[in-house]
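The values are calculated or read from the model by the stated rules, or taken from the named source; none is laboratory data. Just so we're clear, the structure is a prediction, and the values are computed from it rather than from any experiment. FYI the Cβ positions are ideal-geometry reconstructions off the backbone, even for glycines, and counts take in every protein chain you see. Only protein heavy atoms, including side chains, enter the accessible area calculation; ligands, DNA and RNA are left aside. Shrake-Rupley method; radii C 1.70, N 1.55, O 1.52, S 1.80 Å.
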Amino acid sequence: MFEALNLSCVRDERTLFIGLSFTVEPGEMVQIEGQNGAGKTSLLRILAGLSLPDVGEVRWQGENTRRQRDIFHQQLLFLGHQPGIKSVLTAYENLAFYQSVDGKTDADAIYQALEHVGLLGYEDVTVAQMSAGQQRRVALARLWLTRAPLWILDEPLTAIDKQGVATLIALFEQHAERGGMVLLTTHQDLQGVNRNLRKLRLTSESHVY
């Protein structure tokens with residue numbers, strides 16, 4: 001189980017959220033909503049352990065994630081606004097490096113992941129030569145390669161065509177059906193996509209879920 005306990009976040013003397021608590025159980029998808037500037041990205045970075053809350057803590061399997069940082073990050077896939085890939089490497093090399101961190105090498109899986117994101121045939125193109133949208137898709141291809149149970153995704157459907165959005169949503173559902181957990185921000189309407197989808201709306205008021 002993944003837990004946020006009494007989280008508060010202040011940025012530039014502005015309170016983004018306060019007293020935010022919620023849990024995510026295996027098999028659940030949680031869509032975080034809020035106006036621009038409500039703190040969605042700040043919350044995701046706190047949940048992923050990339051930023052510290054002003055108050056509160058994040059727990060994974062009942063333990064504070066700061067006390068088990070390496071274990072937690074081995075079981076987490078975080079995709080933020082930046083693609084998090086190396087511009088001097090090709091699409092294939094980036095994904096092969098990602099696989100190696102997980103202790104395996106599977107060329108067929110890489111080609112299949114690139115096909116899922118519409119980049120088959122671009123495997124030998126360096127990321128620096130790709131458009132911003134293509135770079136984003138290289139990063140998204142990691143979703144087909146990861147064994148991490150917890151996915152935290154910041155606007156993963158941005159700049160993706162209709163077919164690509166449908167493919168990604170189906171993947172999110174499959175991951176949840178296998179007992180995985182998905183937290184994401186998106187402007188897409190996901191209502192009715194998955195019976196285990198929950199929505200959490202950020203305001204500056206206290207939240208307890």
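Helix-only estimate, please: 222 nm mean residue ellipticity of the chain, summing -39500 (n - 2.57) across DSSP H runs of length 4 or more and dividing by its residues, to the nearest 500. Write out the running numbers ahead of the final one.
On the way: 6 runs with 60 residues, N = 209.
Roughly -8500 deg cm²/dmol at 222 nm, from the helical runs in the chain.
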Over all viewing directions the Cα convex hull of the chain casts an average projected area in nm² of 11.6 nm²
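Taking a 31 Å limit on the Cα-Cα distance, which of the listed pairs LYS162/LYS199; LYS40/LYS104; LYS86/LYS162 fall beyond it? Could you put the intermediate results ahead of the total?
Details: LYS162/LYS199 22 Å; LYS40/LYS104 33 Å; LYS86/LYS162 27 Å.
From the list (LYS162/LYS199; LYS40/LYS104; LYS86/LYS162), the Cα-Cα distance tops 31 Å for LYS40/LYS104.
Taking the Cα centre of the chain as the origin, how large is its charge dipole in debye, to the nearest 20, when only Lys and Arg (+1) and Asp and Glu (-1) carry charge on their Cβ atoms? Don't skip to the end; give the middle numbers.
On the way: 20 positive and 24 negative charges, 56 e Å.
I would put it at about 260 debye.
Restricting attention to the range 48-154, which trypsin sites (Lys or Arg not before Pro) occupy a DSSP loop and are surrounded by at most 12 other Cβ atoms within 10 Å?
Details: sites: ARG59, ARG66, ARG67, ARG69, LYS86, LYS104, ARG136, ARG137, ARG142, ARG147; in loops: LYS86, LYS104, ARG147.
Answer by residue number: LYS104, ARG147.
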The range 143-188 versus the range 10-29: alpha-carbon centroid distance in Å:
20 Å
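Within the accessible area of the range 1-160, what % is carbon and sulfur when the probe is 1.4 Å and the other protein chains stay in place?
Numbers: 3590 of 7780 Å².
Within the range 1-160, the accessible surface is 46 percent carbon and sulfur.
Take the alpha carbon atoms of the range 9-109, find their radius of gyration, then divide it by 2.2 N^0.38 Å using N residues; give the quotient. Let's see the in-between values first.
Working: Rg = 16.5 Å, N = 101, 2.2 N^0.38 = 12.7 Å.
For the range 9-109, the normalised Cα radius of gyration is 1.30.
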Quick one: plug the Kirkwood hydrodynamic radius of the range 66-113 (C-alpha pairs) into Stokes-Einstein at 37 °C, 0.692 mPa s, and report D in µm²/s.
266 µm²/s
What does the charge count near LEU140 come to, summing +1 for each Lys or Arg and -1 for each Asp or Glu among other residues with Cβ under 14 Å from its Cβ?
-1
